[in-house]
Amino acid sequence: MNERTLYFAYGSNMAVERLRARVPSAQLLGPAVLAGHALRFHKPGSIDGSGKCDAAHTGDAADRVFGALYSIATAELALLDQFEARGHGYERETVCVMTGEGDTVQAETYIATRIDPRLRPLDWYKEHVLRGARALQLPGAYIATIEAVAADVDADEARRVRELSIYVGATPQA
């Protein structure tokens, strides 16, 4: 009864610390790539309204979203759905991703159903995404693209500290 589900994380959940704080069973399998999609920070956050990540479908096979492939307990999918606000701006979909070993596998991910291209992420959210991308050693050009995304400093300093507290004691990211 230990059923597991593959999950492709491309936003803040790429950071192992972030995902494990939400879904304790998460086991990182390694980097993976979703073709025909592009990373955007245009999904309105359900709590703060700021820009959250989306793997926006482009239909162009040259477009790529890099991320993390995880194995999680199937029983925890409902918990992840709550954190991702499924039904309130994100829907869970099954996608085909390519692993670092070159295998194609099916995995669950979240795709935005509501977008606003004017949105910007908050600084702490962008930090989650960058920490995950760096830890996975994603391509330098991809990380540079994320670094170039304009972010707003969260006026709620307590929330910012709370969000980034999961990294206390972790190796700083350059």
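In a fully extended conformation the segment linking Ile166 and Ala141 would gain 6.3 nm over its present Cα-Cα distance, using 0.36 nm per residue. Projecting the Cα atoms of Met98, Leu34, Ser165 onto the charge dipole of the range 4-167 (Cβ charges, centred on the Cα centre) puts Ser165 farthest toward the positive pole. In plain terms, the chain from Ala38 to Thr99 could stretch by 20.2 nm, reckoned as 0.36 nm per residue minus the Cα-Cα distance.
Computed per residue of the chain from DSSP H runs no shorter than four, each worth -39500 (n - 2.57), the mean residue ellipticity at 222 nm is -7000 deg cm²/dmol. Rounded to the nearest 20 debye, the dipole size of the chain about its Cα centre is 180 debye, using +1 on the Cβ of Lys and Arg and -1 on the Cβ of Asp and Glu. Computed over the range 4-167, relative contact order equals 29 percent, with contacts defined as Cα pairs under 8 Å that lie 6+ residues apart. Residues whose amide H comes within less than 5 Å of that of Asp152, counting only those at least five positions distant or on another chain, are Leu122, Asp123 (H built at 1.01 Å from N in the peptide plane).
Say a site is exposed when it is one of the GluC sites (Glu not before Pro), sits in a DSSP loop, and has at most 13 other Cβ atoms within 10 Å; what is then the longest site-free stretch of the chain?
Numbers: sites that count: Glu3, Glu101.
Longest run free of exposed loop sites: 4-100.
Measuring how big the range 4-167 is from its alpha-carbon positions, Rg and Dmax come out at 14.6, 43 Å.
Amide H to amide H distances under 5 Å link His42 with Lys52, Asp54, where only residues 5 or more positions off or on other chains count and H is placed in the peptide plane.
The label point for Glu3 and the one for Ala62, both projected 7 Å from the Cα toward the Cβ, are 4.2 nm apart. Put a dot 7 Å past the Cα of Ala78, heading toward its Cβ, do the same for Ile111, and the two dots end up 2.5 nm apart. Checking every one of the trypsin sites (Lys or Arg not before Pro) in the range 72-174 against DSSP loop status and a limit of 16 other Cβ atoms within 10 Å picks out Arg114, Arg118.
None of the figures in this text is laboratory data; all of them are computed from the coordinates on show. Note that the coordinates shown come from a computational prediction; the quantities given were computed from them, not determined experimentally. Positions of Cβ are backbone-derived with ideal geometry, glycine not excepted, and every protein chain shown enters the neighbour counts.
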